[in-house]
1. Suppose we look only past 30 Å in the calculated P(r) of the chain. What percent of the Cα-Cα pairs does that tail hold?
2. Residues in the range 55-87 near a label at residue 235, defined as backbone nitrogen under 20 Å from the 7 Å Cα→Cβ point?
3. With everything on Cα atoms, drop me the angle between helix 237-253 and the longest principal axis of the chain, reported from 0 to 90° to the nearest 10.
4. In cubic angstrom, how much convex hull volume per residue do the alpha carbon atoms of the range 16-128 span?
5. Between residue 92 and residue 52, what is 0.36 nm times their sequence separation minus the Cα-Cα distance? Round to one decimal in nm.
6. What fraction of the DSSP beta bridges in the range 6-235 is antiparallel, stated in percent and rounded to the nearest 5?
7. If the elastic network links every pair of Cα atoms under 10 Å, which of 130, 122, 244 fluctuates the most in the Gaussian network model of the chain?
8. One-quarter of the Cα convex hull surface for the range 104-208, in nm²?
Ligand code: KIV
């Protein structure tokens, strides 16, 4: 399958029959599986902090963490478009945004994702001018968890919904090539999607966005702490892996592993 480009993602907006598929990945083996499954966009999300590094939120994730995971994922991905999250605090100023986006691109990212609307327009414009494609992220933006008062659906009131729409339009004008809409009512996602020329990628935003994204570990059933309503678990990896580990332990304890066939003679 040919390499996915920004142009392909933009063109998919016109093709209502073919939604954009996106998933997160954080390491080489999973990124390879995601890529080989034909997923269009692989996002090295700052959710890495919660699903791989054991933090309670995405806020402690550093540029060092992101670069480490971007390098691993980029070694595996041959076809999908690679998007890397800019972590909390890494794009506070135009200067830091430009410097840190460059570091992610040098590590292997093709594009970067920033959370927020009006407050980050100058950063978005500077990156686009520097030829670093940018994905936006509106709605429930986990890096602003303190300001939002928790992981809550955003855009339930008319004012909030209008604000999200206006911020999406402003981001489009600033040059982003797509926008993630996280945890917003279906009607808001639909309104934003039809108002923009660029594609929207939803997570907890209903079926009317141009594409869908999920956190890989949620989809595979690794996460046992929270079960967001918008996650469909396509596997129960936690249970499957726990069973394999118990079996290994029992086999060693009962001297059933390794067998003669699994040993070297002579
Ligand atoms: O960090 C992440 O995984 C994300 C997705 C939830 C879109 O930003």
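Where a number appears in this text, it was derived from the coordinates with a stated rule and is not lab data. Remember, it's a predicted structure, so these values are computed and weren't measured experimentally. Cβ sites come from the backbone with ideal geometry, for glycine too, and all protein chains shown count toward neighbours.
1. Of all Cα-Cα distances in the chain, 29 percent exceed 30 Å.
2. Output list for this probe position: 72-80.
3. The angle comes out near 20 degrees.
4. 113
5. Here the segment from residue 92 to residue 52 would lengthen by 11.9 nm.
6. Antiparallel bridges make up about 5 percent of those DSSP assigns within the range 6-235.
7. 244
8. Averaged projected hull area, Cα only: 6.6 nm².
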